[in-house]
Every structure is written in C-alpha cells, then in structure tokens.
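Following: one structure in structure tokens, then a few remarks.
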Amino acid sequence: MEKKNLKIPFCCVNSEVLWKGEEALINALSIDKKIAQLNLDAIFTARLSDVPLIKAATNRIQVGINYHDSMKDKLKEIKKTGVDVLIFDDIDQVFKFTALERVINTANKLEFLILARVDNPLEIPKSLLKKIQIIKWKDNQSHEENSSLRKNEKSDILKIKNENPNLSIIYGAKKISTDLILNSLLKGMDGIGEYSQCKNTYENLDEMFYAIHDYKNVQEFINT
C-alpha cells in the first residue's frame, strides 16, 4: 500500500451529500478529466459504497470518506476498497484524544492520508497535529471568536506549517470565488475546498479549478 502525495496547490470536492451511485461516478469522471487537463490534484469525497466503482473508473482523483466510530475496527477492509483519504470532523473540539490518536495511528500505518476539518487548528494538540497530513480550516466567520482568529490567519498558517513541514492547510469555503481562492493561497494556504457541501459551491467548481491552475502557473513561472 502506498500513501499518495498531493501536489500543491490542490482542491477538495465534498460530494458525498450531493451524489450517490451512478451520479457520483458521473461527477467523479468529470472532475477527474478536468484536473488531468489542468495538471491539478484533487480529493473527491464519496460514500464508502461508491468508492470501488469510482476508483475503477478514474485515474487522478484521490477518493476520501468521512470517518465514523463504527469504522475503527474495519480500516484494513476500508483501505482495500480503494479509499485514499480518511476525513475526521471537528477534532479540535474533542476533549479526550487518546482513542482518536489510536485510530489515526492505525490509519497512518495503513497509508491513508489523514484530513481533518476544523474550526481552529490551533486547538489541536501538537502531538496529534504531527500525525495529520491535511487540515481543512473551515470558514466560520459568522462566529465572533473565530473572526478574531482570522485577523492573524497569515501568521498562524506560517507558524503551524513551520512546526509541521509535512502538513498542508486548505481553506474550507462557504462560497467559492476567484478572489477568495487567490487571497487564501497568497496567505499561505495550500489549496481550497468546500465547507458546506451544498450545490452553491459545486456550481463554482470550474472557477475554483481555473483559479488554482492560474496561481500554480504564476508560481512556477516566478520560481524558474
């Protein structure tokens, strides 16, 4: 088993609440084709039952599923279905990390990529943060406390990434736009993804892909 790496910048499409079965496959194929054309990487979240079908038909997307406690003793079987990314929600709000850390340790041994969707990555214990490969920092700007955190976002991103050089941080956006994508990448984010898993973000996926592609090309030009 091999833990794949995602080329930065990348995107995450949260599809599991929108599509299932044949509809999930159709959208996965479309996104797989698009990111291949643009030479981008992407995570495509899916229902576990749809993973084998999607993996057999696609070449580039990495398929993720949401982790639930009922899965803790089934991770080997889940890996065999083709799941690349295991997604954990709100681990910054967990009070006891011991059981969670055991699950993440097992998942890392099985070569899953670990993605955590969080409100505030600064609340995650440093020991646990080192075992996670991707943080999706959710947009909760309607909350006053989190809005104050966002004022120091650029310095916080730099601090977290300096302490965890193997960690990627992506922005979980409620509404996708070119300006938001570029501003997030310029702050040091490694990509963008949907926050709310609803169709208003899906309608802007092409905008997300092209904005990331343009930013990547500019950075490659600057670095040559």
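The values are calculated or read from the model by the stated rules, or taken from the named source; none is laboratory data. Because the structure is a prediction, the values reported are computed rather than measured. Neighbour counts run over all protein chains shown; Cβ positions are idealised from the backbone, glycine included. Note: accessible area is taken over every heavy atom of the protein model, side chains too, but ligands, DNA and RNA are not part of it. Shrake-Rupley method; radii C 1.70, N 1.55, O 1.52, S 1.80 Å.
Look at Ile78 and say whether it is crowded, with 16+ Cβ neighbours inside 10 Å, in contact with a strand residue (DSSP E or B) (Cβ under 9 Å, 6 or more places away or on another chain), part of a helix (DSSP H, G or I) and of a type in the set (A, V, I, L, M). Yes: the conditions hold for Ile78. The set of residues in segment 46-56 that are part of a helix (DSSP H, G or I) and either open to solvent by less than 10 Å² (accessible area, probe 1.4 Å) or over 19 Å from Ile114 (Cα atoms) (or both) comprises Ser49, Asp50, Val51, Pro52, Leu53, Ile54, Ala56. Picking from residues in segment 57-75 that are closer than 18 Å to Phe44 by Cα and touching a Ser or Thr at 6+ places or on another chain (Cβ under 9 Å), the one that is most open to solvent (accessible area, probe 1.4 Å) is Asn66. Would you check if Glu144 is open to solvent by 40 Å² or more (accessible area, probe 1.4 Å) and at pLDDT 90 or above? In short, no.
In this entry, Ile43 passes the filter for residues that are surrounded by 14 or more Cβ atoms within 10 Å (Cβ to Cβ) and either assigned to a loop (DSSP other than H, G, I, E, B) or in contact with a Cys (Cβ under 7 Å, 6 or more places away or on another chain) (or both). Among the residues of segment 162-185, those that are at pLDDT 90 or above and open to solvent by 40 Å² or more (accessible area, probe 1.4 Å) comprise Asn162, Glu163. Only residues that are modelled with pLDDT under 90, in contact with a Leu (Cβ under 9 Å, 6 or more places away or on another chain) and open to solvent by less than 10 Å² (accessible area, probe 1.4 Å) were counted across segment 13-40, and they come to 2.
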